[in-house]
Amino acid sequence: MISDMGMLDHIVAHSHQVCRVSLLLADHLGIIGIHRELIGAAAILHDITKTRSFHTHENHAETGAQMLSDLGYPEVAAIIGQHVRLNRNAPAAGTPTDAQIVNYADKRVLHDKIVPLNDRMGYILEKYGSTEERKNQLLILWNETQLLEERIFAELPFCPDAIIKLLPDDKLGDFHQ
């Protein structure tokens, strides 16, 4: 599917890292209701229509979700549709959902590097905050993501900065072939 969509190599590398972070969190959370395989599939495919969006200017979260839903994977689609911004009905307390894990992991990967949340969110603000209204929306997203980070790590035996140490640099190799 990645090959069929002509995903650019740097987007594949980004998706690979998001998948690594997502699975690390899922494995350490080890909570009933967390679906490792589903998280992995959604994480690796979260940007499936991003390359195409550079030309079409489509919302790649929406079109990626629609594509996976049309292919018969509604659970994967539901997570992909929330990788940029979580649905408003997402629980704000308790055990993080599969979608929250992938959403957070995406906010920890800048290009193909795992970085602190503030680095990634600063990049998003700089790249996509072209208007005052958009900047304000992104600052709200930043705040929501910080709260999600606190919630996730309240249940983990390590701090957010440890992700970088637990997942040392990884070469993509033949992953996308």
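Just checking, how many residues over the range 139-164 are in contact (Cβ under 8 Å) with a residue 12 or more places away in the chain, of a type in the set (A, V, I, L, M) and surrounded by fewer than 14 Cβ atoms within 10 Å (Cβ to Cβ)? Steps first, answer last, please.
Here is the first cut: in the range 139-164, the ones in contact (Cβ under 8 Å) with a residue 12 or more places away in the chain are 139, 141-142, 144-149, 151-152, 155-158, 160-161, 163-164.
Remaining after also requiring of a type in the set (A, V, I, L, M): 139, 141, 147-148, 152, 156, 163-164.
Narrowing further to those that are surrounded by fewer than 14 Cβ atoms within 10 Å (Cβ to Cβ): 139, 147.
Qualifying residue count for the region: 2.
Six or more apart or on different chains, Cβ under 8 Å: which pairs go from a residue in the range 127-138 that's surrounded by 13 or more Cβ atoms within 10 Å (Cβ to Cβ) to one that's part of a loop (DSSP other than H, G, I, E, B)? Could you list them?
Lys135/Gly129; Leu138/Gly129
Taking the range 123-151, which residues are more than 15 Å from the chain's Cα centre (by Cα) and of a type in the set (D, E, K, R)?
Glu126, Lys127, Glu132, Glu133, Arg134, Lys135, Glu150, Arg151
Return a yes/no flag: does the range 113-124 have any residue that is more than 16 Å from Arg20 (Cα to Cα), of a type in the set (S, T, N, Q) and at pLDDT 95 or above.
yes
Counting only residues that are of a type in the set (D, E, K, R) and under 16 Å from Ala92 (Cβ atoms), which one in the range 125-160 is modelled with the lowest pLDDT?
Glu155
Can you tell me which of Ile163, Ile80 is modelled with pLDDT of 95 or more, in contact with a Leu (Cβ under 8 Å, 6 or more places away or on another chain) and within 21 Å of Met7 (Cβ to Cβ)?
Ile80
Can you tell me which residues in the range 9-36 are more than 15 Å from the chain's Cα centre (by Cα) and closer than 14 Å to Asp98 by Cβ?
Asp27, Leu29, Gly30, Ile31, Ile32, Gly33, Ile34, His35
For the range 80-105, enumerate the residues that are among the aliphatic types (A, V, I, L, M) and either farther than 14 Å from Leu38 by Cβ or crowded, with 22+ Cβ neighbours inside 10 Å (or both).
Correct list: Ile80, Val84, Leu86, Ala90, Ala92, Ala93, Ile101, Val102, Ala105.
So how many residues does the range 1-24 have that are buried (at least 17 other Cβ atoms within 10 Å of the Cβ) and either in a helix (DSSP H, G or I) or without any contact (Cβ under 8 Å) to a residue 40 or more places away in the chain (or both)?
Within the range 1-24, residues that are buried (at least 17 other Cβ atoms within 10 Å of the Cβ) and either in a helix (DSSP H, G or I) or without any contact (Cβ under 8 Å) to a residue 40 or more places away in the chain (or both) number 14.
The values are calculated or read from the model by the stated rules, or taken from the named source; none is laboratory data. Worth saying up front: this structure is predicted, and the values here are computed from it rather than measured. Virtual Cβ from ideal backbone geometry, glycine too; neighbours counted across all protein chains shown.
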